[in-house]
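The values are calculated or read from the model by the stated rules, or taken from the named source; none is laboratory data. Small disclaimer: the values here were computed from a predicted structure and weren't measured. For neighbour counting, all protein chains shown are included, and Cβ atoms are generated from backbone atoms with ideal geometry for every residue, glycine included. Only protein heavy atoms, including side chains, enter the accessible area calculation; ligands, DNA and RNA are left aside. Shrake-Rupley method; radii C 1.70, N 1.55, O 1.52, S 1.80 Å.
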Amino acid sequence: MITQDMNIQNILKKLEFNNDGIFPHQALLDAIANRDQIIPDLLEIIKQAKENAEKLIDQKTYFAPIYAMYLLAQFREKSAYPLIVEFFSLPGEISLDITGDVATESLGNILASVSCGDTSLMKKLAEDKNINEYVRCAALEGFLILVACGEKSRDEVMSYYQSLFRGKLEREYSFVWTKLVTCSTYLYPEEVFEDIRQVYEEDLIESFFIRFEDVKEYLASGKEKVLAELQRNDRYSLIEDIISEMEWWACFKPSKQPYIVTPVPKAVKKKMKKRIKSRIGQPDYDAPPEMKKEKKIGRNEPCPCGSGKKYKKCCGANL
């Protein structure tokens, strides 16, 4: 006779590694069906991942923390909030090395989901200059997602963004400034327009991803249209279905060789198209002239594919 505990352990075993590249559809359905029983184990997985992070860096097929975070996000499990924040507060790029593109693609959605509207820990991530810049970006995006799903007011979040422009964010170049300008723009940037102008003048932002002309066009579109576009954008939503969120990842393709690739949600070309099609009213927007020029990219600069990762960690890794 199989006990409940044995059943949970069998599910967790199937979610531990991604050695064959096959998406564990049934195991995830079983985890969801046993939600209350499996939550303590999922929380423990994240806790152990933080405590043993150095040992996990080279285990590229170890997926347990990734599944745990997505499941807990779908469950809206608030007790996962501090654990996930602590994990992604690890120094340098350790958390990114363990979870691949989760930080740049879905961490904002995960944080918003487990926060249950409590933004205190996301503020802690966003404002700590010792934390990885892409993790900080995800925290900023979490605020935007909470507005998009109706859990926070646009004015409350814009007020927080304004405080970052006006002193809470260190006045030195990082991709965090680009994310702050982008998120503010998607919320209609009337209160911070002059702050954004100053950011461009101080060269704190990577205009490859959003130009000052784009900001002005959003402003000219009108608040109602900008906010309606935000609500229609599936990118800015809570985690509601782990299967639809993960099953299409490139690493889930059967192969004769074990997959050791960390999750790469989209091919470079698709990601570029997604980034440059985001402007309101211009779904067929072409890349601006500066995108088309051949330009030497620094290894520590944001990758031009739009992943949000550094060039040396993305498209430049094999050059």
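Numbers below:
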{"item": "Residue satisfying condition, being surrounded by fewer than 20 Cβ atoms within 10 Å (Cβ to Cβ) and among the aliphatic types (A, V, I, L, M), within set 6, 69", "result": "6"}
{"item": "Matching option when the condition is out of contact with any Pro (no Cβ under 7 Å at 6 or more places or on another chain), aromatic (Phe, Trp, Tyr) and under 16 Å from residue 113 (Cα atoms), among 143, 165, 193", "result": "143"}
{"item": "Which listed residue, of 179, 129, 168, 124, is under 21 Å from residue 235 (Cα atoms), touching a residue at least 24 places away in the same chain (Cβ under 8 Å) and open to solvent by 10 Å² or more (accessible area, probe 1.4 Å)", "result": "179"}
{"item": "Within region 19-45, tally of residues that are polar (S, T, N, Q), in contact with a helix residue (DSSP H, G or I) (Cβ under 9 Å, 6 or more places away or on another chain) and in contact (Cβ under 8 Å) with a residue 24 or more places away in the chain", "result": "2"}
{"item": "Residue among 98, 145, 110 that is under 24 Å from residue 239 (Cα atoms) and touching an Asp or Glu at 6+ places or on another chain (Cβ under 9 Å)", "result": "145"}
{"item": "Filter pass, residue 47 being charged (D, E, K, R), surrounded by fewer than 20 Cβ atoms within 10 Å (Cβ to Cβ) and closer than 29 Å to residue 30 by Cα", "result": "yes"}
{"item": "Test: residue in region 184-192 that is in contact (Cβ under 8 Å) with a residue 40 or more places away in the chain, within 20 Å of residue 138 (Cβ to Cβ) and open to solvent by 10 Å² or more (accessible area, probe 1.4 Å)", "result": "yes"}
{"item": "Region 46-62 - residue that is without any contact (Cβ under 8 Å) to a residue 40 or more places away in the chain and in a helix (DSSP H, G or I) and, of those, nearest to residue 85 (Cα to Cα)", "result": "47"}
{"item": "Residues satisfying the stated conditions in region 139-157, i.e. open to solvent by 50 Å² or more (accessible area, probe 1.4 Å) and under 16 Å from residue 226 (Cα atoms)", "result": "149, 150, 153, 155"}
{"item": "Neighbours by Cβ (under 7 Å, 6+ apart or cross-chain): first from region 87-114, modelled with pLDDT under 95; second basic (Lys, Arg)", "result": "104/309"}
{"item": "Residue in region 213-220 that is under 24 Å from the mean Cα position of the chain (by Cα), part of a loop (DSSP other than H, G, I, E, B) and modelled with pLDDT of 95 or more present", "result": "no"}
{"item": "Test set (1) in contact (Cβ under 8 Å) with a residue 40 or more places away in the chain; (2) open to solvent by 10 Å² or more (accessible area, probe 1.4 Å) - residue 136 fails condition number", "result": "(2)"}
